[in-house]
Amino acid sequence: MSDDSRDAELARMAAELESLARYADAQEQRAGHLQTALDSRVVIEQAVGMLAERFELTVVESFELLRRAARNSRRELRGLATEITQTRLTPDEIAAARAVG
C-alpha cells in the first residue's frame, strides 16, 4: 500500500470515527433528556395522586389543578409537583388555584 493510499484510508477512518463519536454524543444527550422526562413524569404523577387524595378529586381534576396552579404562579409543573410531594402542607399556589377554579 502506498503512502498516499494509506493516508487516504487513515483520513477516511478518522472521519468515520468522528461521525460515530458525534452520533454517540447525540444518543447520550437524548437518553439524558428521556431520563429527565421520565423523572418529571414520576414526580408529577405522585403529586397528582396526593392532590386527588387530599382534596377528593379525580386524577384528571387533580392534574388540571396542578397545571392551573403552575401556570398562574409561573412556576414549572415539576417544581410545584416536587414541593407537593415533599411536604404535608398545601403550597399557596395550589390553594389559590382551588379558590379560582
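Quick look at the numbers
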quantity	calculated
Linear extension gain, Gln35 paired with Arg12, 0.36 nm per residue minus alpha-carbon span	4.8 nm
Average Cα contact separation per residue, the chain, under 8 Å, 6 or more apart, as relative contact order %	23 percent
Sum of side-chain charges, Val43 neighbourhood, beta-carbon under 12 Å (Lys, Arg +1; Asp, Glu -1)	-2
Carbon and sulfur %, accessible surface of the chain computed with the full protein complex present, 1.4 Å	53 percent
Residue among Ala37, Ala26, Ala70 with the largest mean-square fluctuation in a Gaussian network model of the chain, springs linking Cα atoms under 10 Å	Ala26
Full-extension gain in nm, Thr82 to Val42, via 0.36 nm per residue minus C-alpha separation	13.4 nm
Phi to ³J(HN,Hα) by Karplus 6.51 cos²θ - 1.76 cosθ + 1.60 over the stretch 42-52, Hz, x for Gly, Pro	4, 5, 5, 5, 4, 5, 4, x, 5, 5, 4
In Hz, Karplus ³J(HN,Hα) per residue of the stretch 74-83 (6.51, -1.76, 1.60; θ = phi - 60°; x = Gly, Pro)	6, 10, 6, 4, 4, x, 5, 4, 4, 4
DSSP-assigned coil residues among trypsin sites (Lys or Arg not before Pro) in the chain, each with at most 15 further Cβ atoms within 10 Å	Arg74, Arg75, Arg88
Qualifying GluC sites (Glu not before Pro) for the stretch 66-101 [loop in DSSP, other Cβ within 10 Å: at most 13]	Glu76
Selection of GluC sites (Glu not before Pro), the stretch 1-72, meeting DSSP coil and at most 13 other Cβ within 10 Å	Glu56
In order through the stretch 12-28: 3J(HN,Hα) via Karplus (6.51 cos²θ - 1.76 cosθ + 1.60), integer Hz, x for Gly, Pro	4, 5, 5, 5, 5, 5, 5, 5, 5, 5, 5, 4, 4, 4, 5, 5, 5
Label corresponding to log10 I(q)/I(0) by the Debye sum over Cα atoms at q = 0.12 Å⁻¹ when calculated from the structure given, among (i) -0.57; (ii) -0.52; (iii) -0.35	(ii)
Solvent exposure of the chain as accessible area per residue, Å², 1.4 Å probe	75 Å²
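The values are calculated or read from the model by the stated rules, or taken from the named source; none is laboratory data. None of these values were measured; they are calculated from a predicted model. Please note: Cβ atoms are built from the backbone with ideal geometry, for glycine as well, and neighbour counts cover all protein chains shown. Each accessible area value is taken on the protein alone, full model and side chains, heavy atoms only, with ligands, DNA and RNA left out. Shrake-Rupley method; radii C 1.70, N 1.55, O 1.52, S 1.80 Å.
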